[in-house]
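This report refers to the structure that appears directly beneath it.
The values are calculated or read from the model by the stated rules, or taken from the named source; none is laboratory data. Here the structure is a predicted model, which is why all the values come from computation and not from measurement. Quick reminder, even Gly has a Cβ in these numbers, built from the backbone with ideal geometry, and neighbours come from all protein chains shown.
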Amino acid sequence: MSETYPYNGRLSRWQEVADGLAIVGVESLDPPFAFEPGQYATLGLMGPIGRLIQRPMSISSSADRLDEYEFFIRLVPGGALTPLLWQLRVGDPINIKGPKGRFLLQDDGRRCLFVASGTGLAPFVSMIETLRGRGMSREIDLLHGVSYDHDLAWRAEMQALEREGDLPLRYAATISRPQQCPNWTGLTGRVESILEGHLDLHRLTPENATLYLCGNPEMIAAVDEIATRRRFPPDQVRKELYWPKGRSHAGAAEAGAAGVGAVEA
């Protein structure tokens, strides 16, 4: 454990994806904890009044790699934790504990349709990396929606996986503000707006697919409505919200900085 209580970890990596968006590595100085892909850890830093500020963050690294826990985090201006996190440098102490969460890949034999908005991509990266590392095959469709093309973390990696065909994986990215991305030639609109076309094109039905949703509550509500209309049973629409719908954004947004909040399955 770190000599400075309550810190028991250190910032081991900082990869800036875009302004206010980063892939962050944390090393535990305690014996590492095992986790299932899709679960989250809690990160904490001391606030200005001497209180430990903690927020749940989805783990994006493979469940078989415990030397470093990886997170996909957005800076929330006015938040309690992320502005403190953005002041750190690699090697600085941090508190980490875990794991928690029930947003897990189901062993149901169906194709997996992952639908993510923003940093809600994190648990799906963990699931994919864990499957790959174990040499396991699973049919996966991954839809990722962001505001700008520079927010599409892991895009090149997912496109390479799609070409390799090992899982196999289908990957589709969409941006909601194409007018500010002049070089973008791909799909546009919120991720929920491309869902029905993808379902039809690839013949994804309640008989052969389970939906996994992670992101903001408006996206999840919209996708849930589509799934209900297409007769997907509730246990085949598995959801993890950025923050529980109805909670104030100011008080809850940081719980969704890495795609964590209320879990419904």
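When restricted to residues that are of a type outside the set (Asp, Glu), part of a loop (DSSP other than H, G, I, E, B) and touching a Lys or Arg at 6+ places or on another chain (Cβ under 9 Å), region 130-141 contains 1. Right, residue 49: farther than 30 Å from residue 135 by Cβ, part of a loop (DSSP other than H, G, I, E, B) and not small (Gly, Ala, Ser) or not? Here the answer is yes, as residue 49 does meet what is asked. Considered as a group, the residues in region 100-129 that are on the phi > 0 side of the Ramachandran plot and either in a helix (DSSP H, G or I) or in contact (Cβ under 8 Å) with a residue 40 or more places away in the chain (or both) include one that is surrounded by the most Cβ atoms within 10 Å (Cβ to Cβ), and that residue is 118.
Residues in region 150-172 that are in a helix (DSSP H, G or I), touching a residue at least 24 places away in the same chain (Cβ under 8 Å) and over 19 Å from residue 61 (Cα atoms): 1 in all. So, residue 134, is that one at pLDDT 95 or above, under 17 Å from residue 168 (Cα atoms) and surrounded by fewer than 16 Cβ atoms within 10 Å (Cβ to Cβ) or not? Here the answer is yes, as residue 134 does meet what is asked.
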